[in-house]
Number of protein chains: 2
Amino acid sequence: MSDSKPSDDPVAGGPEKLSLGDFLPYRLSVLSNTVSRAIAADYDRAFGLNIWQWRCMAVLGETPGLTARELAERTAMDKVAVSRAIAALETAGHLRRETDARDARASRLFLTADGLRTYQAIIPIARRHEQALLAPLTEHERAQLSDLLTRLAHAAAPGEGLW
Amino acid sequence: MSDSKPSDDPVAGGPEKLSLGDFLPYRLSVLSNTVSRAIAADYDRAFGLNIWQWRCMAVLGETPGLTARELAERTAMDKVAVSRAIAALETAGHLRRETDARDARASRLFLTADGLRTYQAIIPIARRHEQALLAPLTEHERAQLSDLLTRLAHAAAPGEGLW
DNA sequence: GGTGATTGGTTACATATGAAACTAATTCAT
DNA sequence: ATGAATTAGTTTCATATGTAACCAATCACC
């Protein structure tokens with residue numbers, strides 16, 4: 001597709017303008033940051049956890065016994081962030097490491113009883129935030145949104161096109 | 001609406017689970033960060049600008065003569081970030097300040113000729129990124145997305161409900 | 001028209017974050 | 001087997017970011 005829309009014509013004549021408020025990356029950023037900050041403040045207030053610690057717990061709650069590397073993959077965090085998050089969770093008593101039987105470099109990670117309790121306590125809070133956010137959308141619109149986001153994520157995936 | 005979906009029932013019996021990959025705030029965060037980082041790398045490579053500097057330029061390109069405070073409002077940045085961004089842009093020669101006639105505390109901000117040139121040069125890059133991101137969506141879907149994001153942003157606005 | 005509260009903007013400080021260097025264990029090729 | 005290259009995870013260091021403290025000018029109002 002070599003395009004056609006007149007108003008986008010890159011060499012129209014007058015100098016180009018770009019309205020920040022309509023620019024998708026900007027809109028995503030503002031929305032995401034607003035949401036994340038509100039949630040982060042909540043987790044911190046209630047449990048002294050930051051977003052990354054919570055992400056690790058969320059994944060380990062679902063899938064115990066992952067290594068830090070696997071955790072990094074599934075949380076879209078880099079390994080340094082994971083290392084710090086799990087170190088903090090460990091000293092807080094929320095998780096425990098078990099050196100992997102075959103590979104002494106790696107540890108398998110598990111939530112402790114305490115961590116599991118906290119995990120269970122956070123879930124409803126997370127859900128509440130998500131519901132508040134989705135409140136104005138119908139069920140059908142939520143499905144649409146989910147689908148659109150999936151496709152955007154695919155387009156944005158590193159390795160695709162201009163990214 | 002006091003709800004009805006069975007699978008969401010908060011007190012069902014078994015321990016609750018939450019799949020991070022389906023959690024909207026997480027999905028937004030990952031998508032937004034992926035996009036922002038790719039763009040930021042590009043701006044930096046090509047013009048030595050970071051996202052905040054670019055945001056300021058984008059708004060001043062459209063609306064010259066704003067004060068730092070006004071700029072902060074329109075870029076969803078806090079005043080410290082704006083202060084730093086415009087200081088950097090000034091030393092880089094991209095913008096110039098003009099002390100406001102009536103209020104000696106404030107400065108009106110303008111892109112210099114050089115800044116304007118850079119601004120014009122960046123716009124197509126920004127557009128290209130946006131287009132790459134939106135590539136998989138039809139025109140109609142883009143409109144849907146825009147609408148959905150507007151409504152989410154409204155729901156997430158500080159001051160609304162649980163936020 | 002002078003004094004306390006506000007506001008525009010910057011600075012200082014403490015914390016968060018990411019890149020790269022590093023250690024230790026493992027694998028691969030010979 | 002043995003050494004080079006790879007991988008798991010941590011530490012270091014330099015930079016980015018947010019909060020709170022801070023000046024200076026303006027406003028409110030008596």
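Results, tabulated for the structure shown:
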{"item": "Computed E for B:Arg105/A:Thr99 - FRET, C-beta separation, R0 45 angstrom, nearest 0.05", "result": "0.15"}
{"item": "Loop trypsin sites (Lys or Arg not before Pro), segment B:78-163 (other Cβ atoms within 10 Å of the site Cβ: 16 or fewer; DSSP)", "result": "B:Arg102, B:Arg105"}
{"item": "Cβ-defined net charge surrounding B:Gly93, 13 Å radius [Lys, Arg +1; Asp, Glu -1]", "result": "+1"}
{"item": "Rounded if a/c under 1.5, otherwise prolate or oblate - segment A:78-163, Cα gyration tensor axes", "result": "oblate"}
{"item": "A:His140, A:His94 arranged by Cβ crowding within 10 Å, fewest neighbours leading", "result": "A:His140, A:His94"}
{"item": "Pairwise label distance in nanometres, B:Gln120 with B:Arg45, each label 7 Å out on the Cα-Cβ vector", "result": "2.4"}
{"item": "Difference of contour (0.36 nm per residue) and Cα-Cα distance, A:Arg37 to A:Arg128", "result": "31.3 nm"}
{"item": "Length-normalised contact order for chain A - Cα pairs under 8 Å, 6+ apart - percent", "result": "15"}
{"item": "Two-decimal Rg to Rh for the protein assembly as shown - Kirkwood Rh, Cα set", "result": "1.02"}
{"item": "Per-residue mean of C-beta atoms belonging to partner chains within 10 Å, peptide B:122-129", "result": "4"}
{"item": "Shielding score for A:111-121, defined as the mean number of other chain Cβ atoms within 10 Å", "result": "1"}
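Only the coordinates and a few stated rules stand behind these numbers; no lab work does. This is a predicted model, so every value here is computed, not measured. Neighbour counts are summed over all protein chains in view; Cβ atoms, including those assigned to glycine, are modelled from backbone coordinates with ideal geometry.
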